[in-house]
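S.K.: Just passing along the structure, written as C-alpha cells.
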Amino acid sequence: MAKKRLQKKREATKTAAPKTTTPVTEAVTTEPAKVETKKVEPAKVETAKTEAPKVETKKVEPVKVETAKTEAPKVETKKVEPVKVETAKTEAPKVETKKAEPVKVETKKTDSPKIESHKEDTVKVETTKTDAPKVSSLKPAAEIPVRDDDAIYCERLSRHLDELKWLYCELYQDNPYVTMHLNDLLTVLKKFYDMRSNDLKESDIRRAKDPKWYKRNDLTGMMMYVNAFAGTLSNLEKKLDYVQECNVNYLHLMPLLESPKGRSDGGYAVADFRKVQEELGNMDDFAHLTSECHKRGISVCLDFVMNHTSEDHEWAKRARAGEREYQDRYFFFDSYDIPSLYEQTCPQVFPTTAPGNFTWLDDVHKHVMTTFYPYQWDLNYRNPIVLNEMIFNMLYLANQGVDIVRLDAVPYIWKQLGTNCRNLPQVHTIVRMMRMICEIVCPGVLLLGEVVMAPEKVVPYFGTVDKPECHLLYNVTTMASTWHTVATRDVSLLRRQLDIVAGLPRDYVFQNYLRCHDDIGWGLDYDYLENFGIQEVPHKKYLNDFLTGKYPDSFARGELYNDDPRLGDARLCGTTASLCGIERFGFEQNEEGVDRAIRYDITLHAFMLSQSGIPVIYSGDEIAQLNDYSYKDDPDKAADSRYLHRGNFRWDLAENRNRPETVQGKLFPVLDKLEHLRMEHSVFNSDVPIRTIDTWDDSILALVRENDDEKFIGIYNFSEFDKVAWINEDDGMYTDLISGRELEAKGVQIPAFGCFWLCRRKK
C-alpha cells in the first residue's frame with residue numbers, strides 16, 4: 001500500500017528586507033540614491049501561430065525503473081552488435097531498425113523527418129563519400145566555389161561516429177532497442193543539419209577554422225532577462241545599440257521559453273522547449289533577434305534546462321493522464337519504498353522552500369521525483385527516448401541562432417539509487433556525446449556547463465584535451481571567494497583559488513562574473529580554511545550577516561535565500577552596487593561613502609576583467625543598479641528573494657551615464673575604459689598564463705599575466721584603508737593603464753578599495 005507521508009512541498013517563505021539604519025556619518029548636499037524600480041510595460045507583440053516541432057515516439061517496450069537495491073550497479077559492458085557504416089552517394093541517411101514503431105519528429109516551420117522502421121538487427125548508416133571536395137585552382141576568379149554540405153556533414157560524422165556509437169551503446173546496453181534508438185538519433189541529426197540556415201552553416205565553417213575564437217580577449221558578455229531589460233524580444237532588438245555601447249558581443253539571455261506563470265522558477269520550469277513565452281513574442285522574433293545580433297558580431301547564449309520539465313509540459317500531462325510510456329520519461333513510483341531509499345543518500349536542494357526530492361500526486365496516486373520544486377519533474381535519462389528528444393530540442397534552439405547553449409543543472413541529470421545523484425559518470429558520458437553531436441551538426445555552437453559545485457567537481461566537466469566535454473564553465477568558486485574576501489578583507493582564500501585555476505590547462509575557459517541571476521552560495525574550500533581555525537557553519541553565518549548589513553558597520557545590503565537555521569546554509573542575494581555599499585551610503589546621503597563604494601565596485605569589476613576567461617557583467621551592474629525590493633509586492637515573486645537583483649532595468653539611470661556628477665557617470669565610463677583596455681592588450685587572452693605574487697599584506701591581491709609582448713600586474717585592495725603593496729618587480733617602468741601614470745612595480749601605494757592595472761611592453 002502506498003505511503004503518503006510525503007505531501008506536496010511547502011510554499012516558499014517570505015524573507016524580510018534588511019534594515020538600513022546605520023547612522024549618518026556626514027551631511028552632504030547631493031541627493032540620495034533612491035531604490036526605485038519603474039514598471040516597464042512590455043510592448044504588445046502579435047505572435048504568429050507556429051507549431052513547435054514536437055518529437056513523438058510511439059510505444060516501445062517500457063524502460064524499467066531500478067528497484068530498491070541500494071548497491072550501485074557494476075559497470076560491465078555487454079556484447080553489442082557492431083554498427084556498420086556503409087558509404088554511398090549523397091542521399092540522406094536511411095535508417096533501418098528492428099521491428100518497432102518509429103519516432104516521428106514534427107517541426108514548426110519545416111517538415112520533420114519521418115523515421116521508417118524495418119526488420120534488421122544491425123544499424124546501417126548510409127553516408128556520402130568522406131573525401132573532402134576538391135577545389136580547382138583553374139576556376140575563373142569570378143566563380144564562387146559551391147559548398148558541398150553533404151560532404152562536410154559526412155566528414156564531421158565519420159570523425160565522431162565510432163565513439164558516439166560506443167558511448168551510446170554502453171550507456172543503454174541493457175535496453176533491447178538500443179540499435180533502434182541509435183538509428184533514430186543519427187537519422188534526425190542529419191535532418192537538423194539540413195534545416196540549418198546557410199548563414200549558420202557559414203558561421204560554423206569560420207569558427208571551425210578558428211577554434212580559439214572564444215578564447216581571445218575581445219569577448220565581453222552581459223546577462224539579462226529579456227522582460228526586465230526591454231519587455232519583449234522585438235524591443236530588445238531595438239536596444240542593441242545600447243548593448244554594443246556596453247562593449248557587449250556575448251549576450252546571455254536568461255530563460256525565455258514557455259513556462260507557467262507563478263510556477264516558472266524564473267523560467268527554469270519549461271513547458272515547451274520550442275515556444276517562447278507569449279509575453280516576450282514568438283520564435284520568429286527570437287530568430288530575427290539572433291540574426292540581427294550576428295550581423296553586429298554579437299553571439300547569443302540561451303539556457304537549455306536539461307534536468308527537468310514543467311508539470312505543464314506535454315510529456316508530464318500525458319504521464320499524469322496515465323500513459324505508461326510518458327511516465328517512463330520521468331521517475332514515477334507507486335509507493336514510497338524506493339523514494340525513501342533515494343532520500344537516504346540524495347541531498348536536498350531547497351530544504352526550506354521545497355524539502356525532499358519527491359512529490360506525491362493525489363490525482364494519479366504516485367510519487368514523482370522533483371529534485372528542485374514540486375512543479376519541476378526530473379527527466380529519466382535512463383530512457384534513451386528522453387536523451388534523443390532533448391538533444392533534438394537543443395539542436396532546434398541552435399538552428400534558431402543560439403551560439404552558446406547553457407546546460408542548466410547538468411550534474412543532476414543521471415539518477416542512481418544508492419548515490420547522491422550528482423556528478424555520476426553517466427553525466428559525463430552524456431555531455432561528451434552532446435559535444436560530439438554539436439561538432440557534427442553545428443560546430444560553431446559552444447556548450448556552457450552550469451556546475452555549481454565544489455571546485456574538484458567543476459573541472460571534470462571540461463573533459464580532457466582528447467575527449468572534451470563543455471567548452472565553457474562558470475568560475476563559480478572564484479566568484480564566491482571574491483565575496484568572501486569582500487566580507488573578510490583577507491585575500492588568502494581568493495589567492496589560493498586563483499592559483500588552482502592557473503594550474504589548469506590553458507585550453508580550459510571559464511566564464512567569469514561577479515553576479516548573475518542566481519544566489520551566491522558559499523561552496524568554499526573549507527578544508528583550507530580550517531587551517532586558520534575557520535569552521536564552516538559559523539563562517540557562513542558571518543558572511544551572510546556581513547553582506548546583509550546585520551554585522552556592525554557593514555556597508556553591504558543584501559538578503560538571504562533559502563535560509564535554513566538548522567544547517568546554517570543560507571545563500572545570498574543582492575546587486576553588486578548594493579553589496580559594495582552604494583545603496584547604504586546613498587540612503588545616508590554620505591557622498592564620501594558613495595564615492596568609496598563606487599571605487600570598490602570598479603575594483604571588483606577590474607579584478608573580474610583581469611581573470612583568465614570570458615568576463616560577463618550582469619545587466620544593470622554597469623549603471624550601479626540597486627536592489628529592487630518591490631518583488632515583495634508581487635505574489636508570484638515574493639517567496640523568491642532572488643528577484644531582489646532581478647529588477648527591471650533602470651533606463652532612467654542609464655541616461656545618467658554621460659553625466660560625471662552622477663553615480664552612473666562615475667561608474668559607466670570607467671568600466672567602458674577597462675573593457676576597451678582588455679580588448680587592446682593581448683596579455684588578456686585566455687591562453688596567457690596567470691600567477692599571483694606576494695604583497696605582504698593580507699588585504700591586497702596581486703596577479704601577474706605575461707606573454708612575449710607584455711607583462712601585466714593587477715593590484716587590488718580589499719581594505720577600507722590606504723595601503724602599500726610590497727611587491728618588488730624590478731624590471732623597469734610600468735604604466736597604470738587606468739590612470740596613465742608611470743611608476744615602478746615596487747612598494748605601490750594603493751587607496752582604500754582601489755586598484756592598479758600596471759603594464760609594461762617588452763617590444
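S.K.: What pairs come up if the first residue lies in region 342-356 and is closer than 21 Å to Ala639 by Cβ, the second is of a type in the set (Asp, Glu) and in a loop (DSSP other than H, G, I, E, B), and their beta carbons are under 7 Å apart, counting only those six or more places apart or on different chains?
M.R.: Pro351/Asp564; Thr352/Asp563; Thr352/Asp564
S.K.: Test Ser686 against the stated conditions and say whether it is farther than 18 Å from Leu604 by Cα and small (Gly, Ala, Ser).
M.R.: yes
S.K.: Listed residues Leu547, Leu609; which is among the hydrophobic types (A, V, I, L, M, F, W, C), in contact with a Pro (Cβ under 9 Å, 6 or more places away or on another chain) and touching a residue at least 12 places away in the same chain (Cβ under 8 Å)?
M.R.: When all the criteria are applied, what remains is Leu609.
S.K.: Hey, another quick one. Take Gln376 and tell me if it is out of contact with any Gly (no Cβ under 6 Å at 6 or more places or on another chain), among the polar types (S, T, N, Q) and under 24 Å from Ser641 (Cα atoms).
M.R.: Yes.
S.K.: Check Glu343, Glu292, Glu279 and return the single one that is in contact with a strand residue (DSSP E or B) (Cβ under 8 Å, 6 or more places away or on another chain) and either assigned to a helix (DSSP H, G or I) or modelled with pLDDT of 95 or more (or both).
M.R.: When all the criteria are applied, what remains is Glu343.
S.K.: From the list Asp466, Asp499, which one is acidic (Asp, Glu) and under 18 Å from Arg691 (Cβ atoms)? Reasoning before the result, please.
M.R.: On the way: Asp466 fails: under 18 Å from Arg691 (Cβ atoms).
Residue meeting the stated conditions: Asp499.
S.K.: Right, another one. Over 24 Å from Leu253 (Cβ atoms) and not small (Gly, Ala, Ser): does that describe Asp518?
M.R.: Against the criterion (over 24 Å from Leu253 (Cβ atoms) and not small (Gly, Ala, Ser)), Asp518 does not qualify.
S.K.: Let me ask something else about it. Looking only at residues in region 602-635 that are farther than 23 Å from Tyr716 by Cα and of a type in the set (D, E, K, R), which one is surrounded by the most Cβ atoms within 10 Å (Cβ to Cβ)?
M.R.: Across region 602-635, the extreme among qualifying residues is Asp628.
S.K.: For region 598-652, how many residues meet the condition of being in a helix (DSSP H, G or I) and within 28 Å of Cys755 (Cβ to Cβ)?
M.R.: So the count comes out to 17.
S.K.: Return the residues of region 689-703 that are surrounded by 15 or more Cβ atoms within 10 Å (Cβ to Cβ) and either of a type in the set (A, V, I, L, M) or not in a loop (DSSP other than H, G, I, E, B) (or both); say none if nothing qualifies.
M.R.: Within region 689-703, Ile690, Thr692, Ile693, Ile700, Leu701, Ala702, Leu703 qualify.
S.K.: How many residues are buried (at least 17 other Cβ atoms within 10 Å of the Cβ) and either more than 10 Å from Arg515 (Cβ to Cβ) or of a type outside the set (S, T, N, Q) (or both) if we restrict to region 563-577?
M.R.: Kept after step one, since they are buried (at least 17 other Cβ atoms within 10 Å of the Cβ), are these residues of region 563-577: 563, 569-577.
In the following step, the residues that additionally are either more than 10 Å from Arg515 (Cβ to Cβ) or of a type outside the set (S, T, N, Q) (or both) were identified as 563, 569-574, 577.
Result for region 563-577: 8.
S.K.: Evaluate region 307-325: report whether one residue or more is in a strand (DSSP E or B), buried (at least 18 other Cβ atoms within 10 Å of the Cβ) and out of contact with any Leu (no Cβ under 9 Å at 6 or more places or on another chain).
M.R.: Scanning region 307-325, I find at least one residue that is in a strand (DSSP E or B), buried (at least 18 other Cβ atoms within 10 Å of the Cβ) and out of contact with any Leu (no Cβ under 9 Å at 6 or more places or on another chain), so the answer is yes.
The values are calculated or read from the model by the stated rules, or taken from the named source; none is laboratory data. Remember, predicted model here, so these are calculated numbers, not experimental data. Note: ideal-geometry Cβ built from the backbone for every residue, glycine included; neighbour counts use all protein chains shown.
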